[in-house]
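To keep things clear, I will list the structure first and then write my remarks on it.
The values are calculated or read from the model by the stated rules, or taken from the named source; none is laboratory data. Since the model is a prediction, treat every value here as computed from it, not as a measurement. Here the Cβ positions follow ideal geometry from the backbone for every residue, glycine too, while neighbour counts run over all protein chains shown. Just the protein is used for accessible areas: all its heavy atoms, side chains included, with ligands, DNA and RNA removed. Shrake-Rupley method; radii C 1.70, N 1.55, O 1.52, S 1.80 Å.
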Amino acid sequence: MPRASSSLAAGCALLLLAACAPDARMPVGPLAGAPAKLQRDVLGSCDTIATIAVNDWVLPLRPGLAPLAPGIVDGQVLFQGTQVMFGGGLLYGTSPADAVVGYNTATGVSELGQGPICTDQTTPFVHTVATLFVDTAVAGPAGLAVTQESFAWPDAPDNGYVLLKYTFSNTGHQILSHLYSGWVADWDVLFDGDASSDIVRHNDRLGIGEVTESDTLTFPAILGIVPIGPSGIGSFAGYVNVPGQPTVDTDFFALLTGGINLSTPTVPNDVREEMGLAAVTLLPKHSTVAYFAIVGGANRAEWEANVAAARAKAAQLGFCGNTGAAMLPTAPTVRCSQ
């Protein structure tokens, strides 16, 4: 687990988020250039961190990441009252040159600016919304705008996960080909009180990674990241906190584009997990949606039920565009107008 962090803050105005696919509700986005009072009146509570704490999860969120704890002593992400994650965040890009790392698992550094995140409703579910800005030293894909929403439900069957929704919009005039997105987490599963006794593996049947304690008889809980998008799952990697782990943008982009890596650590350790979606091609003035659910279960039956519930909810909320009529044969072209 890293014990040093620098937050790359950038003060930026909020953008209007327009829905590009019918949802179960009309998402409300931040207002461009609105003063703080109007933001509070229209959107509800806005702050640098919104803590989601209405179901089995306690998940602090900044735009694009679950941040390190103040003082950098312990993680803040809890499942059923126990710390399970030290930090994590969004990854995206079209090449190593424009890759954006929302949370570097080796250093704790984020390449995303520390803008506001707003809680615009708390019932019947909690919904937050934020606009992501890259740090000025990071290129990012040209013309790409990214917004984040989170959804958390207090009641079964949807109380075992927090659903993160990212809308990627091509505001430019050039095709963004081979846009990858993923989420990476530094898991510290402390049911046994030891962050170095965890295991990460790939579940071939579910198509996702799983993180557990090494002693699953005594501690049967399972955790993981569930990516859901029109292009389907494209990558998985499990790795440990040792020299040679991913440290720079090119390393993390290699995870995003590296497919399903089954060479996971076989001995208990301090583990990390990356899960990503396959690439899409984003036409000018079009958008696509990627979901990443942070899911847990007290045991295998509960874990699998919660994974299924998260996938069903994302399908209900909907996706922008479709995967047909690709302009580039190796990457689906998304056809959702802004």
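Data table
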| quantity | calculated |
| --- | --- |
| Flag for D194 being surrounded by fewer than 24 Cβ atoms within 10 Å (Cβ to Cβ), more than 30 Å from Q316 (Cβ to Cβ) and in contact with a strand residue (DSSP E or B) (Cβ under 7 Å, 6 or more places away or on another chain) | no |
| Where F219 falls short, out of the listed (1) more than 19 Å from A66 (Cα to Cα); (2) out of contact with any strand residue (DSSP E or B) (no Cβ under 6 Å at 6 or more places or on another chain) | (2) |
| Subset of the stretch 74-103 that is open to solvent by less than 10 Å² (accessible area, probe 1.4 Å) and part of a loop (DSSP other than H, G, I, E, B) - its residue that is nearest to P141 (Cα to Cα) | A99 |
| Strands (runs of 3 or more DSSP E) completely within the stretch 115-167 that count 3 or more residues being closer than 14 Å to A314 by Cα | 144-152 |
| Extreme residue, least open to solvent (accessible area, probe 1.4 Å), among residues of the stretch 133-143 that are among the hydrophobic types (A, V, I, L, M, F, W, C) and over 17 Å from the mean Cα position of the chain (by Cα) | V138 |
| Neighbours by Cβ (under 6 Å, 6+ apart or cross-chain): first from the stretch 105-122, buried (at least 19 other Cβ atoms within 10 Å of the Cβ); second acidic (D, E) | T105/D186; E111/D135; G113/D135 |
| Residues located in the stretch 257-314, provided they are under 21 Å from G143 (Cβ atoms) and in a strand (DSSP E or B) | L277, A279, V280, T281, L282, H286, S287, T288, V289, A290 |
| So S177, is it of a type in the set (G, A, S), in a strand (DSSP E or B), open to solvent by 10 Å² or more (accessible area, probe 1.4 Å) and touching a residue at least 24 places away in the same chain (Cβ under 8 Å) | yes |
| Pick from the stretch 221-235, criterion out of contact with any helix residue (DSSP H, G or I) (no Cβ under 7 Å at 6 or more places or on another chain) and under 11 Å from G297 (Cα atoms), ranking: surrounded by the most Cβ atoms within 10 Å (Cβ to Cβ) | G224 |
| Unique residue being over 21 Å from the mean Cα position of the chain (by Cα) and either small (G, A, S) or modelled with pLDDT of 95 or more (or both) when the list is S231, S196, S235 | S196 |
| Residues of the stretch 145-187 classified as closer than 30 Å to T218 by Cα and either within 13 Å of the chain's Cα centre (by Cα) or modelled with pLDDT under 95 (or both), total | 7 |
| Residue among T288, T264 that alone is in contact (Cβ under 8 Å) with a residue 24 or more places away in the chain, crowded, with 17+ Cβ neighbours inside 10 Å and closer than 23 Å to S95 by Cα | T288 |
| Test: V54 is modelled with pLDDT of 50 or more, more than 26 Å from A290 (Cβ to Cβ) and either among the β-branched types (V, I, T) or surrounded by 14 or more Cβ atoms within 10 Å (Cβ to Cβ) (or both) | no |
